Every structure is written in structure tokens, then in C-alpha cells.
1. Among the listed residues L34, L38, identify the single one that is within 19 Å of E112 (Cα to Cα), modelled with pLDDT under 90 and either not hydroxyl-bearing (S, T, Y) or not assigned by TED's automatic domain parsing to the domain that holds K106 (or both).
2. So K50 passes all but one of these: (1) at pLDDT 90 or above; (2) in a helix (DSSP H, G or I). Which condition number does it fail?
3. Confirm whether A143 is touching a residue at least 24 places away in the same chain (Cβ under 8 Å), over 27 Å from A43 (Cα atoms) and surrounded by 11 or more Cβ atoms within 10 Å (Cβ to Cβ).
4. What residue, of I124, I150, I158, is at pLDDT below 75, outside the structural domain of L36 (by TED's automatic domain parsing) and either farther than 28 Å from L34 by Cβ or among the hydrophobic types (A, V, I, L, M, F, W, C) (or both)?
5. Go through the range 82-109 residue by residue and tally those that are out of contact with any helix residue (DSSP H, G or I) (no Cβ under 6 Å at 6 or more places or on another chain) and crowded, with 17+ Cβ neighbours inside 10 Å.
Amino acid sequence: MDGGPPRLCIFARIGIGVWPAHKASVVTLTPETLYLQLGQLVAEMTDLAKGQIDAEMNRWLGRAATLIEATGDTYGSISLNVAAQSLASPLTREHNAQTIAAIVHKALAKVELVAPAPVQGAFIAMGNVFEAIAAVSNVLSVAKSDVLLIDPYADAKILTDYAVLAPEQVNMRVLV
């Protein structure tokens with residue numbers, strides 16, 4: 001060990017068939033990178049239970065499969081691949097979509113445990129209002145000089161709700 005951060009590996013298959021060691025290329029991801037990639041994957045998750053299975057959904061499923069494999073969760077990786085291949089079946093599509101979502105969320109939670117402390121909790125799932133408010137409150141309370149909030153839907157209420165959370169000497173700006 002070189003004393004650096006722990007790394008997770010992705011083994012990419014070259015060609016079709018078995019995974020011979022001499023043909024596998026290794027891509028390493030730090031726990032931080034894997035956590036951020038999984039968070040982005042969750043943020044971009046479409047409704048897998050509905051709609052056409054198109055190129056965009058297949059790209060998302062491919063990223064999901066690769067990142068789940070990178071966590072080292074063999075059972076989750078196999079389960080995700082089986083569920084993804086079964087999405088075309090109308091009778092089991094909703095169940096398979098739920099299985100895929102659960103596997104991805106579980107992987108995000110698992111990787112968050114080994115991510116560096118400053119990044120833990122950096123990802124907040126859409127619709128989780130209380131977690132978002134708590135995260136913004138934490139950031140504002142430790143700000144030293146300047147805060148820039150970016151929200152295309154912001155109004156004057158953002159200042160009355162959040163400005164009071166920052167220390168007095170902190171300059172607060174809002175970009176709409």
C-alpha cells in the first residue's frame with residue numbers, strides 16, 4: 001500500500017465471452033469519485049417502469065451496471081443485469097424497475113460510508129426537502145466570508161429563509 005486513499009476497481013470486458021486476466025483493463029475509482037458518480041446516476045434516473053426503452057435508458061442502465069460492479073457487490077451487479085434485461089416484459093417491468101432503483105440507492109448508501117467525510121452527505125436525492133434544508137443550513141452556518149446560492153426558481157423568500165442561518169459577517173448572494 002502506498003498510504004493513499006483506498007481505490008475501487010472496474011474490470012472492463014474486452015470482446016465477448018470470458019474475462020481472461022490478460023484482456024481485462026482496470027479503471028480505478030476512488031470512493032469519492034464512485035460516490036459522486038452514483039449520486040449523479042440517481043439524480044438522472046428516469047422512470048424505468050414507464051416509457052420506451054430507448055438509447056438514453058440503455059446508456060443509463062449501462063452506467064448503472066458498471067458503477068454497481070465497481071462497488072464490488074457481485075449479487076447486486078448480477079441482480080441489476082437480470083432486472084435490466086427483463087425490463088421489456090410488461091408483466092414484470094414495474095418490479096424490475098423497483099429492483100434496479102433499490103440496488104442503485106443501496107450502492108450509493110454503501111459507498112457513502114467509505115467516502116471521505118467532507119463528501120459524505122453531499123448528494124441529496126430529489127424530493128428530500130428536509131435533508132436539503134439541513135444540508136444548506138450546515139453549509140451556511142460554517143461560511144466564513146461569502147455565499148452564493150444558485151436557484152433558477154428563487155425569490156425573495158430564499159433570503160428571509162436562509163440568510164438568517166449565515167453568520168453576520170458573511171456576504172450572501174443569490175443567482176437566479
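1. Of the residues listed, the single one that is within 19 Å of E112 (Cα to Cα), modelled with pLDDT under 90 and either not hydroxyl-bearing (S, T, Y) or not assigned by TED's automatic domain parsing to the domain that holds K106 (or both) is L34.
2. Of everything listed in (1) at pLDDT 90 or above; (2) in a helix (DSSP H, G or I), K50 misses just condition (2).
3. no
4. I124
5. Residues that pass the stated criteria total 3.
The values are calculated or read from the model by the stated rules, or taken from the named source; none is laboratory data. Please read all numbers here as calculations on a predicted model, not as lab measurements. Because the Cβ atoms are built from the backbone with ideal geometry, glycine has one as well, and the counts that use them run over all protein chains shown.
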